[in-house]
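See below for the structure under consideration.
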Amino acid sequence: MNKSKGETIRLLLVDDEDGFRMTIAKRLERRGFSQIQASCGEECLAILDREPVDVVVLDVKMPGISGIETLKVIKQKHDKIQVILLTGNVAVSDGIQGIKAGAYDYLTKPVEIDHLVNKVRQAFEMTRLEEQKTAQLAYRTKLEKKIVDTERLVSLGTMSTGIAHEINNPLAIINEAAGFIKEVITAPTMDTDSQKKAVLLGVEKIEKSVKRASRITHQLLGHVKRQRPQVSEVDLTTLMHETLGLLKKEVDAKQIRIIWNLHQKKLTLWSDAYQIRQVLMNLLNNAIHAMGENGCITLSSRETQGAVILEIGDNGRGIPRENLGKIFDPFFTTKSFDEGTGLGLFVVHKIMSDLKGDIEVNSTMGKGTAFTIKFPKTVDISNLEDKDKKI
């Protein structure tokens, strides 16, 4: 949308010919434009360092710093400012050079004032559009973060019953061992040596159960609590075992078989374990939901020089061909409202992008689906931290 009032545009007019500059300034004022003036490139740059400007109208041929050199400095220090160059009729090549250096456009002298006004307004509108685009990108980034957090809570709810079951098991053992120790201590017929051995046996059971419960809660906290991005050595095989442990109740309820087809026992990479866990959780959860009872999940792996590649396959119902291009879109789901949010695969795709990885899907209706995820063996932590700062 063009501005009808020139004074809303912060304009800087730069030309070493005082008469020409003053004439252009007066004509712009009659059309509602107020502007700052400079007679050389040095003065122009000094003004830009202390005052906000939207558009610079800049003469190419000036003593001292030339217009082209001034333009290059403007684009280095104030890249959001649009620059319109003024050239002589015989110096059109300067205008072309200026476009290559980042100028919005160029006009030849003598300048048609209405043409100049239109160019200034167009350049200003370009700045407004870029600002809107930046604002929209920032909003999208914040929205994506909220979506990721929402999906994390959804997956947490999915595995909460399994967690409760897993923790109840060691608690039951602890309770039983405590009762056993109490009986041993109060038994009048046992000798001291036998009592000691029995008590130590009960204590050992308690210690093992506490360690098991601690391991479960550690895994749970690792899934729930988002900390700063931390790149560390990740054993992908161990992480898959832990993630399947969090989903054990659902796996057991459907009597799903897990087939391990890994090319080696330990798959090591340097990455963010938290984000990889989220990817595995969402993909395994999808595979479980895609199958009925007695289904099968196959975990396969291979390595290249710079990546670890993992395939998670199931023999479930498959994904219709017309939906394959939509599954990574936010809120796309074929499930009912109470079964899914349509955010899981969107989050997976975003995390893989953040980790500089890749994800592909192949599916056949009635036969199953396979997701292939490619993790780089090393991830630059500064890239992950920069993303968190932007959010």
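Near GLY366, within a Cβ-to-Cβ distance under 14 Å, what is the net charge of the other residues, with Lys and Arg +1 and Asp and Glu -1?
+2
How big is region 6-111 by Rg and Dmax over its Cα atoms, in Å?
Reported Rg and Dmax, both Å: 12.5, 34.
Starting from 0.36 nm per residue, how many nanometres of slack lie between ARG31 and PHE180 once their C-alpha separation is accounted for?
Full extension from ARG31 to PHE180 adds 44.1 nm.
Using 18 Å as the Cα-Cα cut-off, could you pick out the over-long pairs in LYS266/LYS377; LYS75/LYS100; LYS26/LYS80; LYS248/LYS367; LYS208/LYS248?
Flagged as over cut-off: LYS26/LYS80; LYS248/LYS367; LYS208/LYS248.
Since every read-out is calculated from the coordinates, none of them should be taken as a lab result. As the structure is a computational prediction, the values presented were derived from the model and not from experiment. FYI the Cβ positions are ideal-geometry reconstructions off the backbone, even for glycines, and counts take in every protein chain you see.
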